[in-house]
1. I'm checking my understanding of the structure. Among residues of region 70-98 that are of a type in the set (Gly, Ala, Ser), part of a helix (DSSP H, G or I) and within 14 Å of the chain's Cα centre (by Cα), which one is farthest from Arg50 (Cα to Cα)?
2. Check Arg50, Arg54, Arg114 and return the single one that is in contact with a Leu (Cβ under 6 Å, 6 or more places away or on another chain) and either of a type outside the set (Asp, Glu) or within 30 Å of Leu11 (Cα to Cα) (or both).
3. Looking at region 116-128, which of its residues are surrounded by 14 or more Cβ atoms within 10 Å (Cβ to Cβ), of a type outside the set (Val, Ile, Thr) and either outside the structural domain of Leu76 (by TED's automatic domain parsing) or under 13 Å from Leu76 (Cβ atoms) (or both)?
4. Out of Cys87, Cys127, I need the residue that is over 19 Å from Leu17 (Cβ atoms), hydrophobic (A, V, I, L, M, F, W, C) and modelled with pLDDT of 90 or more. Which one?
Amino acid sequence: MTSRPAPEQRLSDLARLRRVRDRIDREYAQPLDVEALARGVHMSAGHLSREFRRAYGESPYAYLMTRRIERAMALLRRGDLSVTEVCFEVGCSSLGTFSTRFTELVGVPPSVYRQEAARATAGMPSCVAKQVTRPIRNREAPVPGRA
């Protein structure tokens, strides 16, 4: 067989995973799916999903949605776009899915966030506002009524 030794293969996989993550960061507003991402780095979709989760702690789709929600938060803080416009601007094609995922990650619906964020970050430099309002997957918003 001509397969590479395990450590060399792992390094190669990590480099490809980093390219996938970088592509998601750059093209979050484009229609992306795991199959297309996998084709771009010559991996199967299943292998990409398993290795991405192993390396980054979440699936490629979850990472993509986190990037989209993060960008949506910034657009909603600006206040000049409607929730629907923000949804499509960040690459989501379903307002319902966008609102549900936004609420899961942030803890409030996008319309409520839009109203509250303007007050909460008033006078704060945008670089600081981005950091303190960034959604963190490992610390998803608590479900109301639960401790």
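1. For region 70-98, the residue satisfying everything is Ala74.
2. Every option except Arg114 fails the conditions.
3. Within region 116-128, Ala117 is the sole residue that qualifies.
4. Cys87
The values are calculated or read from the model by the stated rules, or taken from the named source; none is laboratory data. Note that this is a predicted model, so its numbers are computed, not measured. Ideal geometry is used to build each Cβ from the backbone, glycine not excepted, and the neighbour counts take in all protein chains shown.
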